[in-house]
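Worksheet for the structure shown next.
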Amino acid sequence: MKLAPARLGAFLKGPDPAIGAVLLYGSDAGLVRERADILARSVCSDLADPFRVADLGSAALAADPARLADEAAQWSLTGGRRVVRVRGAGDGVTRIFVGFLADLPGEALVVVEAAELSAGSSLRRTFEESPRAVAIGCYPDAPRDRAAVIQQTLLAHRVTASRDATLYLIDHLGEDRLLTRSELDKLALYAGDGGRVELDDAILSVSDSAALELDDAVMAAAEGEAGRLERVLARVLQEGESPVTIIRAVLRYLHRLHALSLRVGRGTSIEDAIRSARPPIFFKHQEGVRRQLALWREPRLRTAMAHLAAAEVQMKTTGLPAETLCREALLTVAQLAHPRRE
């Protein structure tokens, strides 16, 4: 079955005993692992307990399909419900789970981790259609999600953060949940138990040169500064940033600019649009956003976003050099920022 988003938090911490298996899949591998750990700990607090936790790789499962049922049917020698973890699953093990879910052999909770699965995936459909199983998608954090993760992680260390530091972290932490928590743990260690994180602390702890250069490339594209864009983009690519990541960063930014542009088009002043933006715009970026809102019109922003989305598809399907496609797409965006005529 599918799980309503409102029920997700409670389910992860206390899954329905009637549910025998949970599939966690999606593009955020860190979030898949984090949620799998939370689910497993809801049954057994010590994930290293060999009597209550079994780990299976998808290759081992495919080689010995009966092992899933055998592990799930076992009783723990020390008492308590068992957990069976299956990692790296894909459509190749669908048949095994079809049979397993049709006749659950024991009381164990089976936690399955997978990468991105399309809506047509046979494994995903098997879990979504079974009344004894749940499928949960795990995708990169939105700004609101990152804000919650920042607050929860820092509070666990009795550390607080200023508003500017929080906004900076929302904008600059990555989309992988485990990496985000790792960065925040380092920041909390830097601040010390009971400490406070200010903007300069966040910049020093979280930023790296590649992230700062990527920000610069995004702003150069949005402001139509082709020369600056070429220079910065060369450095970003040299730092090892992937072309897809760059395209997505610019696309996310233009989506936000598009929402603000719509408000301005309906009569809201640029200042009011910036002031009321949620999440708030990082103060060091506000001047650039003012210039961009005066520069762009909503139809051209739609055109730019469509061009970037098409470039990402080309990177994944055509075999053409990704760096070349990235450069061409971003230069097109920069050109759209300065049309010859409206």
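The values are calculated or read from the model by the stated rules, or taken from the named source; none is laboratory data. Quantities reported herein were computed from a predicted structural model and do not represent experimental measurements. Counting neighbours? That spans all protein chains shown, and the Cβs are built from the backbone with ideal geometry, glycine included.
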Checklist entry - Quick one: what pairs do we get from the stretch 79-94, first residue on the phi > 0 side of the Ramachandran plot, second assigned to a loop (DSSP other than H, G, I, E, B) and exposed (fewer than 15 other Cβ atoms within 10 Å of the Cβ), C-beta under 6 Å, 6+ apart or different chains? => result none
Checklist outcome for this item: Taking the stretch 212-235 and keeping only residues that are of a type in the set (A, V, I, L, M, F, W, C), buried (at least 19 other Cβ atoms within 10 Å of the Cβ) and either in contact with a Pro (Cβ under 8 Å, 6 or more places away or on another chain) or modelled with pLDDT under 85 (or both), one is left with L214
Checklist entry - What are the residue pairs meeting all of these: first residue in the stretch 41-53, first residue part of a strand (DSSP E or B), second residue at pLDDT 95 or above and surrounded by 11 or more Cβ atoms within 10 Å (Cβ to Cβ), Cβ atoms under 6 Å, and 6 or more apart or on different chains? => result V53/V83
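Could you name every one of the helices (runs of 4 or more DSSP H) located completely within the stretch 260-327 that has at least 2 residues being in the same structural domain as Q238 (by TED's automatic domain parsing), in contact with a helix residue (DSSP H, G or I) (Cβ under 9 Å, 6 or more places away or on another chain) and over 21 Å from R163 (Cα atoms)?
Details: elements: 270-275, 286-295, 298-317.
Once the helices (runs of 4 or more DSSP H) in the stretch 260-327 are filtered for at least 2 residues that are in the same structural domain as Q238 (by TED's automatic domain parsing), in contact with a helix residue (DSSP H, G or I) (Cβ under 9 Å, 6 or more places away or on another chain) and over 21 Å from R163 (Cα atoms), what remains is 286-295, 298-317.
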Item to check | All positions within the stretch 57-69 that are free of Cβ contacts under 8 Å to residues at least 24 places away in the same chain and exposed (fewer than 15 other Cβ atoms within 10 Å of the Cβ) | outcome: A60, A63, D64, A66
Checklist outcome for this item: Reported set for the stretch 246-280 where residues are touching a residue at least 60 places away in the same chain (Cβ under 8 Å) and more than 24 Å from L331 (Cβ to Cβ) is P279, P280
Checklist outcome for this item: Quick count over the stretch 88-108, residues being surrounded by fewer than 22 Cβ atoms within 10 Å (Cβ to Cβ) and in a strand (DSSP E or B), is 1
Item to check | Candidate set from the stretch 109-129 (those that are in a loop (DSSP other than H, G, I, E, B) and in contact (Cβ under 8 Å) with a residue 12 or more places away in the chain); member that is nearest to F51 (Cα to Cα) | outcome: A115
Checklist entry - Scanning the stretch 238-248 for residues that are crowded, with 17+ Cβ neighbours inside 10 Å and either farther than 24 Å from K316 by Cβ or modelled with pLDDT of 90 or more (or both), which turns out farthest from the chain's Cα centre (by Cα)? => result P243
Checklist entry - Is it the case that some residue within the stretch 139-152 is in contact with a Gly (Cβ under 8 Å, 6 or more places away or on another chain) and not basic (K, R)? => result yes
Checklist entry - Filtering the stretch 186-198 down to residues that are part of a helix (DSSP H, G or I) and either in contact with a strand residue (DSSP E or B) (Cβ under 9 Å, 6 or more places away or on another chain) or among the basic types (K, R) (or both), which residue is surrounded by the most Cβ atoms within 10 Å (Cβ to Cβ)? => result L187
Item to check | Members of the stretch 130-160 found to be part of a helix (DSSP H, G or I) and touching a residue at least 60 places away in the same chain (Cβ under 8 Å), listed by number | outcome: P143, R144, A147
Checklist entry - Any residue in the stretch 269-288 that is at pLDDT below 90, among the hydroxyl-bearing types (S, T, Y) and surrounded by fewer than 19 Cβ atoms within 10 Å (Cβ to Cβ)? => result yes
Item to check | The one condition in (1) under 24 Å from S27 (Cβ atoms); (2) in contact with a helix residue (DSSP H, G or I) (Cβ under 9 Å, 6 or more places away or on another chain); (3) free of Cβ contacts under 8 Å to residues at least 40 places away in the same chain that D176 fails to fulfil | outcome: (3)
Checklist entry - Can you name the number of the only condition in (1) closer than 16 Å to L109 by Cβ; (2) among the aliphatic types (A, V, I, L, M); (3) surrounded by fewer than 17 Cβ atoms within 10 Å (Cβ to Cβ); (4) free of Cβ contacts under 8 Å to residues at least 60 places away in the same chain that A18 fails? => result (4)
Checklist outcome for this item: Inside the stretch 309-329, the number of residues satisfying the requirement of being surrounded by 20 or more Cβ atoms within 10 Å (Cβ to Cβ), closer than 16 Å to R231 by Cα and over 23 Å from the mean Cα position of the chain (by Cα) is 1
Checklist entry - Can you name the residue in the stretch 1-33 that is in contact with an Asp or Glu (Cβ under 9 Å, 6 or more places away or on another chain) and part of a helix (DSSP H, G or I) and, of all such residues, is farthest from S130 (Cα to Cα)? => result G30
